[in-house]
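Here the structure is laid out as structure tokens; the discussion comes afterwards.
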Amino acid sequence: MEHTTRRPGEPLPVPASELVARANARVRTLSLEEARELVDDPGHLFVDIRDPREWEAHGTIPGAFRAPRGMLEFWVDPESPYYKSALDDGRTLILYCGSAWRSALSTASLHEMGRTDVVHLEGGFSAWQKAGLPTEDYSAR
């Protein structure tokens, strides 16, 4: 990889917003209406990839599996010492974060790993809350 000199604060050649746009072009995004219908569906698992501090401060979608963004790829990989079988039980994963940026990147990452049974939530948890959809406190489970 060629090293280039970049001054602090200078724009990056590929900004984060471009990475998110590229990811969104490759993955499926569920609307709030579609997602709401799947909350109790046994074939789907909502996965909250926000930071634990966000869970504590704002709650989660009821029944969501909590998987911090930094661990997600390790938790879905059967060859990883951090593997979580709950994320590999045949259900379609519905990832969400605060505003759908991290979840777009995460969904694309899991697709690259071979997990094509993964989608993400349009607008993230903030859109879910704004729509008045059900949430539960972090301490509820």
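The values are calculated or read from the model by the stated rules, or taken from the named source; none is laboratory data. Worth saying up front: this structure is predicted, and the values here are computed from it rather than measured. Note that each Cβ is placed from the backbone with ideal geometry, even for glycine, and that neighbours are counted across all protein chains shown.
Annotations
- For region 1-39, a tally of residues being charged (D, E, K, R) and either at pLDDT 95 or above or touching a His at 6+ places or on another chain (Cβ under 7 Å) (or both) returns 8.
- A57 touching a strand residue (DSSP E or B) at 6+ places or on another chain (Cβ under 9 Å) and either modelled with pLDDT under 95 or closer than 25 Å to L19 by Cβ (or both): no
- Residues of region 92-126 that are over 14 Å from the mean Cα position of the chain (by Cα) and surrounded by 18 or more Cβ atoms within 10 Å (Cβ to Cβ): none at all.
- Subset tally (residues that are over 23 Å from S126 (Cβ atoms) and in contact with a His (Cβ under 8 Å, 6 or more places away or on another chain)) for region 84-100: 1
- Test: residue in region 11-26 that is under 19 Å from W128 (Cα atoms) and either within 15 Å of the chain's Cα centre (by Cα) or of a type in the set (K, R) (or both): yes
- Scanning region 59-71 for residues that are surrounded by 14 or more Cβ atoms within 10 Å (Cβ to Cβ) and more than 12 Å from V47 (Cβ to Cβ) gives G59, P62.
- Matching residues in region 10-37 - criterion: being aliphatic (A, V, I, L, M), part of a helix (DSSP H, G or I), surrounded by 11 or more Cβ atoms within 10 Å (Cβ to Cβ) and out of contact with any Phe, Trp or Tyr (no Cβ under 8 Å at 6 or more places or on another chain): L19, A21, A23
- Selected residue (criterion: farthest from P42 (Cα to Cα)) from residues of region 72-91 that are among the hydrophobic types (A, V, I, L, M, F, W, C) and surrounded by 14 or more Cβ atoms within 10 Å (Cβ to Cβ): F74
- Single unsatisfied condition, T29 versus (1) of a type in the set (S, T, Y); (2) farther than 20 Å from A127 by Cβ; (3) touching a Leu at 6+ places or on another chain (Cβ under 8 Å): (2)
- Candidate set from region 55-75 (those that are of a type outside the set (D, E, K, R) and assigned to a helix (DSSP H, G or I)); member that is farthest from the chain's Cα centre (by Cα): A57
- Of the numbered criteria (1) on the phi > 0 side of the Ramachandran plot; (2) surrounded by 10 or more Cβ atoms within 10 Å (Cβ to Cβ); (3) not basic (K, R), the one P52 fails is (1).
- Some residue of region 76-87 being in a helix (DSSP H, G or I), closer than 29 Å to P15 by Cβ and of a type in the set (V, I, T): yes
- Tally of residues being part of a loop (DSSP other than H, G, I, E, B) and among the acidic types (D, E) across region 99-141: 3
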